[in-house]
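**Q** Shown below is the structure under consideration.
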Amino acid sequence: NYRHSGPKSTQYNELEKMINQYYEMLQRKRYEHAKRFAVNIRKTVLLTGCPEDDIILERNGHNGNNNNSKERQNGILLTRIGGALPKMRQVEDTLRGKLWRLVIGVSNLDASNYKNQIKKEEAQKYYGKIRGDTKRTFLTSEEYNSRVSEERLVRVLNSFAHRYSKPYCQGMDAIAAGLLYVMPELDAFHSFSLLINSHFPTYFYSDKTRKKDLIGAYAGSYLSWDILKICDYEIFNHLSSLPPYLYLFPLVASFQAISQPFTELQRLWDFLFCFGVHLNPILAIAQIIVNKKLILSQQPARLVQGILSQRKWMNGRLNAKCVIEQSMNIIQLLKSKTKYKKLWIQLSKHSNDFNIAQQIKIEHTHGVKYGQITTAHLNDNDNNTTVDKDDINDDDIGEIIDNNDKTEE
């Protein structure tokens, strides 16, 4: 696995032990015990974060692939993606990588199938779009470029287009890139495929009619707007002259990936993957509320050209801990009152239910209630992957919130 062999903290060793115990329970077919371990792992990460000892040790020891950024600048990339394997990193797999695979639901890895995909030619319809995006993916992040070459990213995206006969959509590159930073290429491909196909299929869906393109991302943007109105009407009123998708869509559609620095984004994804990707709209509003003072100090027209724009989002000053704490407060509020039940249901289902996602968009764009909607649902899950969406229940959420309050005291 090419994992770092240096000394680790107690917190690191304890979390790794829990993850290993989870897989041990699966091997022994003690599924209820395994499920409980998974829940406790999520709680631990949500309360204390994921230790980054291996990445820190690699960075301090200069073990990363330091030539990646130079290769980008010089445009060095194999024209045939399957021509050769990238150089192995001294730390290929990380504890965060193991954690993400567990909570995403990746089990067996089909290496033979992936090898077959990378032997194929460039995906004709999408290769140009893929290369156009990968040249810019986290371009200014030294941390990202020290570990992930563009070649790895292109191979994963190109292979996905071949394997599932699905179009590449802008924003997929950021998801795959974040995965490649913490785990080997094969693991990243399977994790990426499961996220796109099962966890949030509505976000990157595209068809010839374009009526349902990125429907989940639009729905998520409108849900963020609804949540802002509930949680902070002062900010909501200040931004009321702006269409919500104008400043929320890039953030929601990228799963917060326009937020920097990159290391803080990874910590946001710990929360998102552990609690559920359907809470993506809550993270978006939590970012806005955390920066309330800065937002209220500027006129809306200036905001969309500055800190609410895609390229200058919050001036690249993401504080994951503050955003996660605010997100927990929002979750507690939405779940505490019956009048928000419909919103919570929409939030829970918008990322993987096309009917719900399309209904949300129509209600917000046309101001009418839309009943039964017939849409095509995707069901391309691999047989070697599983998604358990009930690992965190209401009692678990309450316990986590209580523990957060005790920690602050």
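**Q** Here are GLN326, GLN305: which of them is under 19 Å from PHE275 (Cα atoms) and not hydrophobic (A, V, I, L, M, F, W, C)?
**A** GLN326
**Q** Can you pull out every residue in region 297-313 that is under 26 Å from SER351 (Cα atoms) and open to solvent by less than 10 Å² (accessible area, probe 1.4 Å)?
**A** Within region 297-313, LEU308, TRP313 meet the criteria.
**Q** In this structure, does GLN266 turn out to be open to solvent by less than 10 Å² (accessible area, probe 1.4 Å) and in a helix (DSSP H, G or I)?
**A** yes
**Q** Next question, about the same structure. Does LEU246 qualify as being assigned to a helix (DSSP H, G or I), of a type outside the set (Asp, Glu), modelled with pLDDT under 95 and surrounded by fewer than 20 Cβ atoms within 10 Å (Cβ to Cβ)?
**A** Here the answer is yes, as LEU246 does meet what is asked.
**Q** Looking at the structure I just gave you, is ARG42 under 24 Å from THR134 (Cα atoms), modelled with pLDDT under 95, crowded, with 17+ Cβ neighbours inside 10 Å and not aromatic (Phe, Trp, Tyr)?
**A** It is false that ARG42 is under 24 Å from THR134 (Cα atoms), modelled with pLDDT under 95, crowded, with 17+ Cβ neighbours inside 10 Å and not aromatic (Phe, Trp, Tyr).
**Q** I want to confirm something. Restricting to region 144-169 and keeping residues that are in contact with a helix residue (DSSP H, G or I) (Cβ under 6 Å, 6 or more places away or on another chain) and not in a helix (DSSP H, G or I), which single residue is nearest to ARG131 (Cα to Cα)?
**A** Selected residue: TYR168.
Rundown of residues vs (1) open to solvent by less than 40 Å² (accessible area, probe 1.4 Å); (2) modelled with pLDDT under 95; (3) part of a helix (DSSP H, G or I); (4) more than 30 Å from LEU95 (Cα to Cα), yes/no style:
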| position | (1), (2), (3), (4) |
| --- | --- |
| VAL252 | yes, no, yes, no |
| GLN256 | yes, no, no, no |
| SER259 | yes, no, no, no |
| PRO281 | yes, no, yes, no |
| ILE285 | yes, no, yes, no |
| ILE295 | yes, no, yes, yes |
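**Q** Moving on to the next point. For region 153-192: of the residues being in contact with a strand residue (DSSP E or B) (Cβ under 8 Å, 6 or more places away or on another chain) and not charged (D, E, K, R), which is nearest to LYS98 (Cα to Cα)?
**A** So, considering only residues that are in contact with a strand residue (DSSP E or B) (Cβ under 8 Å, 6 or more places away or on another chain) and not charged (D, E, K, R), the one nearest to LYS98 (Cα to Cα) is SER191.
**Q** Shifting gears a bit: For region 224-234, give me each residue that is part of a helix (DSSP H, G or I) and either closer than 15 Å to ILE282 by Cβ or small (Gly, Ala, Ser) (or both).
**A** SER224, TRP225, ASP226, ILE227, LEU228, LYS229, ILE230, CYS231
**Q** Then there's this: With the structure loaded, tell me whether GLN117 is closer than 20 Å to LEU180 by Cβ, in contact with a His (Cβ under 6 Å, 6 or more places away or on another chain), at pLDDT below 95 and not hydroxyl-bearing (Ser, Thr, Tyr) or whether it fails that test.
**A** yes
The values are calculated or read from the model by the stated rules, or taken from the named source; none is laboratory data. Everything numeric in this text was worked out from a predicted model, so none of it was measured. Methodologically, a virtual Cβ is constructed for each residue, glycine included, from the backbone with ideal geometry; neighbour enumeration extends over all protein chains shown. To get the accessible areas, we keep the full protein, side chains included, count just its heavy atoms, and leave off ligands, DNA and RNA. Shrake-Rupley method; radii C 1.70, N 1.55, O 1.52, S 1.80 Å.
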